[in-house]
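Every number in this text was worked out from the coordinates using simple rules, so none of it is lab data. Note that the structure is a prediction, hence the values are computed from the model and not measured. When we count neighbours, we look across all protein chains shown, and the Cβ atoms used for this are built from the backbone with ideal geometry, even at glycine.
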Amino acid sequence: MIRGIEHIGITVEDPDKAELFFKNTFGAEVLHRVVPYGDKSKHIAGDKLSPLQGFPPELAMTSVTMLRLANGPNIEIIGITPSITNQRRNIADAGFNHISLYTDDILAAGEKMRLNGATLFEGPNDNFSHEAGEGNQTWFGMTPFGLLIELIALPSGVETVGETSRWIPES
């Protein structure tokens, strides 16, 4: 059945800027470009995608780049036309609202986000409940393209309540 999350897709106003943010901030690497940004001959019309994935037929996919991000799911950066305006997401938004990236150095990761244009919220903050433990912290930041990213460090592990333990990326 399901083995895990393979990739997360993010549609953004400026795919080049989003790609650079992930590369410069987190060391992401380009795996491939299904639709290279700026190559109009490769754009995919919405009416071709609509029956396959519900894509609006009046739009077109203008960019699709798959990034490899450390030891977790891949990140797919998507551009469309007519262009969209980035929307700032928060935890109260319905549906997908943030990604959480595991780090061994939350202060350094937060500073790298800030240096690459992210706005960091108050933090880092000590975790509580099942995530409480020495050095266990989270810190949220908003990327320049409106994606909420949670940095998380769990050096003390987490409490297991049921029979299944929580997946944590290996070092």
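The lysine pair tally for the chain, using Cα distances under 28 Å and a gap of 8 or more places or different chains, is 8. For the residues 146, 135, 95, a GNM of the chain with alpha-carbon springs under 10 Å puts the largest fluctuation on 95.
The loop-placed GluC sites (Glu not before Pro) in the stretch 75-171, going by DSSP, that have at most 14 neighbouring Cβ atoms within 10 Å of their Cβ come out as 122, 134, 159, 163, 170.
Here the scattering of the stretch 87-171 is modelled by Debye summation over its C-alpha atoms, one equal scatterer each and no solvent; at q = 0.13, 0.20 Å⁻¹ the log10 of I(q)/I(0) is -0.44, -0.96. Do any trypsin sites (Lys or Arg not before Pro) in the stretch 43-116 lie in a loop, going by DSSP, with at most 13 other beta-carbon atoms within 10 Å of their beta carbon, and if so which? For trypsin sites (Lys or Arg not before Pro) across the stretch 43-116 that sit outside H, G, I, E and B with at most 13 neighbouring Cβ atoms in 10 Å, the list reads 88. Scanning the chain for chymotrypsin sites (Phe, Trp or Tyr not before Pro) that sit in a DSSP loop and have at most 10 other Cβ atoms within 10 Å, the longest stretch containing none of them is 1-127. Evaluating 6.51 cos²θ - 1.76 cosθ + 1.60 at θ = phi - 60° for every residue in the stretch 135-140, the Karplus couplings come out as x, 6, 9, 10, 7, 9 Hz, glycine and proline recorded as x. For residue 31, nonlocal amide neighbours, meaning residues 5 or more places apart or on other chains whose placed amide H falls under 5 Å from its own, are 66, 67, 68. Could you tell me what percent of the DSSP beta bridges with both partners in the stretch 87-171 are antiparallel, to the nearest 5? For the stretch 87-171, the DSSP antiparallel bridge percentage is about 65. The residue among 78, 124, 92 whose Cα reaches farthest toward the positive pole of the charge dipole of the chain, with charges on the beta-carbon of Lys, Arg, Asp and Glu, is 78. Distances between placed amide hydrogens fall under 5 Å for residue 121 paired with 140, 141, 142, all partners being 5 or more residues away or on another chain. Within the listed set 144, 51, 124, the Gaussian network model of the chain (springs between alpha-carbon atoms below 10 Å) gives the highest mean-square fluctuation for 51.
With only the Cα atoms considered, the chain has a convex hull volume of 145 Å³ per residue. Can you tell me what the convex hull of the Cα atoms of the stretch 1-85 projects to on average, as an area in nm²? Average of the hull's projected areas for the stretch 1-85 equals 6.4 nm².
Residues whose amide H falls under 5 Å from that of residue 100, counting only those 5 or more places apart or on a different chain, are 150, with hydrogens built in the peptide plane.
Measure nothing but the geometry: give the 0 to 90° angle between the long axis through the Cα atoms of 15-26 and the longest principal axis through the Cα atoms of the chain, rounded to 10°. Rounded to the nearest ten degrees, it is 20.
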